[in-house]
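Colleague: My structure is below; once you've seen it, I'll send some questions.
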Amino acid sequence: MSQSLESATGTNEPVVVIKNYTVPAAEAEHFVEAYQENARIMSAQPGFVRSRLHAPLADGPEARFVHVAEWRSGTELDTAVGNPEWRASVRRLFDESGLHVTSEPASYRVAVELRPPARIESVDDLRRHLQWAVELEHSTIPPYLCALYSLDPVRNAEAAQVVGSVLAEEMLHLALAANLLNAVGGEPVLDSPALLPAYPHPLPHSDNSFQVRLAPFGQEALETFLRIEQPASVSAPPEADGYATIGQFYAAIEAGIRRLCDALGEETVFSGDPARQVGEFHLRGGGGAVVPVHDLKSALEALTEITEQGAGAARTDVWDGDRDVFHPEREEVAHFYRFQELKHGRRYQTGDTPESGPTGDAIAVDFAAVMPMRPDPRTSDHPEGSEIRVAQERFNVTYCRLLQQLGEAFNGEPAKLGATVGTMYQVKAQAQALMMMPLADGAATAGPTFEYVPPGLRG
C-alpha cells in the first residue's frame, strides 16, 4: 500500500492529486484497463470532481502515465482513500495484476491558475449563465440563515438587523436573477439537488478559492461573508466562469447581454413571456425593489440592483444607493461593508471610504450571545429515528417545499409568492428549535443541514 496516499491532507480546501505511474511499454494497454477499475471506484466517492489519465506522446522502453484528480476538499479525499473497496482495488493493481508498476503520489493545492476569459456568445449560453446566477444567489441564503438564527435577538439586535437585511436582499436578488432568466426565454430551476450541495462547498461556478460553510454567527462566519461579498477591483476583468468575485460574474453577464443585443437585436434576446415576471417581492428588513425585465434597459437595472447592493454603487464606494431600512436618515452601505461594520464594531459615516474603514458610531456586537451550532451539520451525524435527526429531516422537507414554492412562483405563477411567507416562518422556527438542541458533547448544539429531499419523500 506504499503506492497509495497514506498521509491525510488535513484541509477543507480543494485539492489536486497527481500520480506518476511507470510501467514497461509492453504493459501499457493492460495498465490502462486495470487503472479504469480503480478510477471507477474512486469517482463514486463524495467530493470527487473529475480525473484524467495522461499517456505519453513519445514511445520508449517505459510508459510514464500521469494521473490528475480534482477533489472538492482535502477532507473528502482523506475519507475516500479509506474506502475498503478502493484499497482492495489498489492492492490488485500493484500486487495481483501481473503489472510492474511504480507510482509517486502527491496531493497539491492550486497556487496559480490561468485560463482564457470565458464569454457568453449565444442566447442558450446566456440562459445557462443566468441559471448559474439563480444558483449563486441561492447559495448565500443557507449560511446567512444559520448566522441570523444563531443570534440572540435581544443581546445582538443590531447584528441581527444587519444580517437580516442582507438575507432579505439576497432573496430579492434571487427574484431578480429569475426575472432575467425568464426575460430571455429561460426557465428558472430551484427545486433541484444542484441548489443544495453538501457543505462546505465553493460558490457555484467560481474559482473554488474558498469554501462556504454553515456556521453560527462569529468571526469565522464574518470572514466567509466578506469573501462572498468581496468587491471586484477596478481592473478585474469580467469572468463568466471560474470567477474570483461575484461582481466579475455579473459583469460577464452584462457584457454578454450587450453583445447579443448588438448582434441579434433586443426582441430576439428578450423573447420571454412578460407574464412570468415577478413585479413585487419585498421582505421586511431589506431595501431595493424587484425590476420586471423585458428589454436591455430593464435588464441593466436589475443587474445594477444586484451588484450595487452587494459590493457598492461603484467599485470604489461603500454605499449601495438606497436608504438604510432601519435608519432612514442614513444612506445604506453595501453588503460587504455591512459585514465590515460588524467586524470592526463601528458604522460607516459620510466621508468614509473603503480605505478609511468605518469611523462612525459604535455598533454593538456580542460574540458570546450566539447559539453554539456545530458547523456543517449533517443528518448522518445522528442515528435514524433520533430526536435531532428527525428534527433535521423535518427542516429539510420544509426548506425544500420553500424551494418548490419559489420555483412555481418564478415559472409563471408569481401570485404564489405569498405562500412562501408562511413557509419562511416555518423554516425560521424549525432552525431555531434545532439550535436549542444540545449535542452529546455538551459544547455545541444541532443545526439545520439544508439537504435535498426529493418531492416524493416530502410527505
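Colleague: Which value, in debye to the nearest 20, describes the size of the charge dipole of region 383-446 about its Cα centre when Lys and Arg Cβ atoms bear +1, Asp and Glu Cβ atoms bear -1, and nothing else is charged?
Modeller: Computed about the Cα centre, the dipole is about 180 debye.
Colleague: What ³J(HN,Hα) values, in whole Hz, does the Karplus curve 6.51 cos²θ - 1.76 cosθ + 1.60 give for region 444-459 when θ = phi - 60°, with x put for Gly and Pro?
Modeller: In residue order, the calculated couplings are 9, 10, 6, x, x, 9, 6, 9, 6, 10, x, x, x, 10, 8, x Hz.
Colleague: Magnitude of the Cβ-charge dipole of the chain, K/R +1 and D/E -1, about the Cα centre, nearest 20 debye?
Modeller: 660 debye
Colleague: Something else about it: Accessible area of the chain with a 1.4 Å probe: how many percent of it is carbon plus sulfur?
Modeller: C and S atoms contribute 52 percent here.
Colleague: To continue, here is another question. How high is the relative contact order of the chain, in percent, with contacts defined as C-alpha pairs under 8 Å that are six or more residues apart?
Modeller: Worked out over the chain, it gives 15 percent.
Colleague: Using only Cα atoms, locate the centre of region 346-386 and the centre of region 399-423, then give the distance between them in Å, rounded to an integer.
Modeller: Rounded to whole Å, the Cα centres lie 28 Å apart.
Colleague: Still on this structure: Between GLN219 and THR350, take the C-beta separation as r, use R0 = 35 Å, and let me know the FRET efficiency to the nearest 0.05.
Modeller: Here the calculated transfer efficiency is 0.80.
Colleague: Work out how much length VAL234 to ASN12 would gain on full extension: take 0.36 nm times their residue separation and subtract the Cα-Cα distance, in nm to one decimal.
Modeller: Stretched fully, the VAL234-ASN12 segment lengthens by 76.9 nm.
Colleague: Full-extension gain between LEU226 and THR79, please, as 0.36 nm times their residue separation minus the C-alpha to C-alpha distance.
Modeller: Values: separation 147, 0.36 × 147 = 52.92 nm, distance 2.96 nm.
Result: 50.0 nm gained on full extension.
Colleague: Among PHE339, ALA433, PRO188, whose Cα sits farthest toward the positive end of the charge dipole of the chain (+1 at Cβ of Lys/Arg, -1 at Cβ of Asp/Glu, about the Cα centre)?
Modeller: With unit charges placed on the Cβ atoms, the residue in question is ALA433.
Colleague: Please give the length that would be gained between ASP152 and GLU384 if that part of the chain were fully extended, namely 0.36 nm times their separation in residues minus their C-alpha to C-alpha distance (nm, one decimal).
Modeller: Gain in length upon complete extension: 80.5 nm.
Colleague: Taking the Cα centre of region 34-175 as origin, work out the dipole magnitude from +1 charges on Lys and Arg Cβ and -1 charges on Asp and Glu Cβ, in debye rounded to 20.
Modeller: Magnitude of the dipole: close to 220 debye.
Colleague: Now for a different question. Among 31-37, 56-62, how do they line up by average Cβ neighbours within 10 Å per residue, starting with the highest?
Modeller: In decreasing order of mean packing, 31-37, 56-62 become 31-37, 56-62.
Colleague: Relative to the longest principal axis of the C-alpha atoms of the chain, give the angle of the C-alpha long axis of helix 141-150, reported between 0 and 90° and rounded to the nearest 10°.
Modeller: Long axis of 141-150 versus the principal axis of the chain: about 70 degrees.
Colleague: Would you kindly calculate the mean projected area, averaged across all directions, of the convex hull enclosing the Cα atoms of the chain, in square nanometres?
Modeller: Numbers: hull surface 101.7 nm².
Over all viewing directions, the chain projects a mean Cα-hull area of 25.4 nm².
Colleague: Out of every Cα-Cα pair in region 1-113, what percent are more than 18 Å apart?
Modeller: The share of Cα pairs beyond 18 Å in region 1-113 comes to 48 percent.
Colleague: If you don't mind, another one. With every protein chain present, what is the per residue accessible area of region 163-268 (1.4 Å probe, Å²)?
Modeller: Numbers: 3400 Å² over 106 residues.
I get 32 Å² per residue for region 163-268.
Colleague: Also, quick follow-up: I'd like to compare 201-210, 289-298: which one has the highest average count of other Cβ atoms within 10 Å, and what's the full order after that?
Modeller: The packing order, highest mean first, is 201-210, 289-298.
Colleague: Given a 1.4 angstrom probe, what's the average accessible area per residue across region 339-459, in square angstrom? Don't skip to the answer; put the middle values down first.
Modeller: Values: 5800 Å² over 121 residues.
Dividing the accessible area of region 339-459 by its residue count gives 48 Å².
Colleague: I've got another one for you. So what are the ³J(HN,Hα) numbers for region 173-189, from phi and the Karplus equation (6.51, -1.76, 1.60; θ = phi - 60°), rounded to whole Hz, Gly and Pro as x?
Modeller: Those phi angles translate into 4, 4, 5, 5, 4, 5, 4, 4, 5, 4, 5, 9, x, x, 9, x, 10 Hz.
Colleague: A further question follows. Hey, can you rank 149-155, 451-457, 161-167 by average C-beta count inside 10 Å, highest first?
Modeller: The densest-packed peptide leads the list: 161-167, 149-155, 451-457.
Colleague: Which of rounded, prolate, oblate describes region 93-202, given a ≥ b ≥ c as roots of the alpha-carbon gyration tensor eigenvalues and a/c under 1.5 marking rounded, otherwise prolate only if a/b is larger than b/c?
Modeller: Working: a/c = 2.73, a/b = 1.48, b/c = 1.84.
Here region 93-202 falls in the oblate category.
Colleague: Still on this structure, please answer the following. Identify, among LEU260, ILE141, THR449, the residue whose Cα sits farthest towards the positive end of the charge dipole of the chain, taking +1 on the Cβ of Lys and Arg and -1 on the Cβ of Asp and Glu, with the dipole about the Cα centre.
Modeller: THR449
The values are calculated or read from the model by the stated rules, or taken from the named source; none is laboratory data. Predicted model only: the values in this text are computed from it and were never measured. With ideal geometry, Cβ positions are generated from the backbone for all residues, glycine too; neighbour counts draw on all protein chains shown. Calculation scope for accessible area: heavy atoms of the full protein, side chains included, ligands and nucleic acids excluded. Shrake-Rupley method; radii C 1.70, N 1.55, O 1.52, S 1.80 Å.
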